[in-house]
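Take a look at the structure below.
The values are calculated or read from the model by the stated rules, or taken from the named source; none is laboratory data. These figures come from a predicted structure and were not determined experimentally. Virtual Cβ from ideal backbone geometry, glycine too; neighbours counted across all protein chains shown. Just so you know, the surface numbers come from the protein's heavy atoms only, side chains and all, with ligands and any DNA or RNA stripped out. Shrake-Rupley method; radii C 1.70, N 1.55, O 1.52, S 1.80 Å.
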Amino acid sequence: MQKNIEQQRQFDEELFKTQQEIQEETLKSVGRDLHDNVGQLLAFATMQMNSVSRNMNQDLKPKVDNASSALKESLAAVRTLSKSLNSDVIQNLGFKAIVENEINRLNKSGLIEATLNIEGENHVLENKKDEIILFRIVQEFLSNTLKYAEADTLKVYLEYTTDKLKIKVKDDGIGFDVASAEQGSGMTNMKKRADLLEADFNLESEPDNGTVLTIVYPYRRV
């Protein structure tokens, strides 16, 4: 019983830390996206609307329509970003949906070409806390890819079976020597979180040959 209590304490501490890191990591990219993407769209809409206000007539209807479309795109972009800010949203949307949101966000950033492939019937995870930690592991990999890998493409695979979820994330970056990087905090954090979920964790990489993360998560009850 004491061992179980200690394991639960460690799990809760890691969950809280994970929730904070999800917000911190996403906020870094929010600033870039707001400046580069949403900011430009809103500036365009503002110029169009100002033009309309100065010269209101029927011929300007296309400009009004363009401004309206730009504002709608801005709103959609803000909503996409906001979904990654709150761990409560992750639990409400589910793991599959929040991964899709993250892939869409990466593609809109223009930093990398990302794809998502899903096999099997979507299995809603009963343990919602596990979803947060699983997403953080994936997000940690994505973050490291953007920071260090110099990759052009990133591929995420989700395979749902009757008793487990297999997650595979692969980039075509410069890779690294896993043996010499085993003590790195990023890898240690991912492995630690996978252990908390009783999931199999494997990270493979070679210099000039990209990096592959594989997680096999057995569905756990609350």
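The single condition among (1) more than 19 Å from the chain's Cα centre (by Cα); (2) under 30 Å from Glu6 (Cα atoms); (3) open to solvent by less than 70 Å² (accessible area, probe 1.4 Å); (4) of a type outside the set (Ser, Thr, Tyr) that Asp200 does not satisfy is (3).
Restricting attention to segment 80-96, does a residue exist that is open to solvent by less than 50 Å² (accessible area, probe 1.4 Å), hydrophobic (A, V, I, L, M, F, W, C) and at pLDDT 75 or above? Scanning segment 80-96, I find at least one residue that is open to solvent by less than 50 Å² (accessible area, probe 1.4 Å), hydrophobic (A, V, I, L, M, F, W, C) and at pLDDT 75 or above, so the answer is yes. Looking at segment 120-141, is at least one residue open to solvent by 20 Å² or more (accessible area, probe 1.4 Å), more than 28 Å from Phe11 (Cα to Cα) and touching a residue at least 24 places away in the same chain (Cβ under 8 Å)? Within segment 120-141, one or more residues are open to solvent by 20 Å² or more (accessible area, probe 1.4 Å), more than 28 Å from Phe11 (Cα to Cα) and touching a residue at least 24 places away in the same chain (Cβ under 8 Å). Within segment 203-222, the set of residues being surrounded by 15 or more Cβ atoms within 10 Å (Cβ to Cβ) and either touching a residue at least 60 places away in the same chain (Cβ under 8 Å) or in contact with a Phe, Trp or Tyr (Cβ under 9 Å, 6 or more places away or on another chain) (or both) comprises Leu203, Ser205, Gly210, Thr211, Leu213, Thr214, Ile215, Val216, Tyr217, Tyr219. Any residue at all in segment 172-195 that is under 20 Å from Ala97 (Cα atoms) and either open to solvent by 10 Å² or more (accessible area, probe 1.4 Å) or among the aromatic types (Phe, Trp, Tyr) (or both)? Looking for residues that are under 20 Å from Ala97 (Cα atoms) and either open to solvent by 10 Å² or more (accessible area, probe 1.4 Å) or among the aromatic types (Phe, Trp, Tyr) (or both), one finds none in segment 172-195, hence no. Across segment 94-109, the number of residues qualifying as more than 11 Å from Gln139 (Cβ to Cβ) and touching a residue at least 24 places away in the same chain (Cβ under 8 Å) comes to 7.
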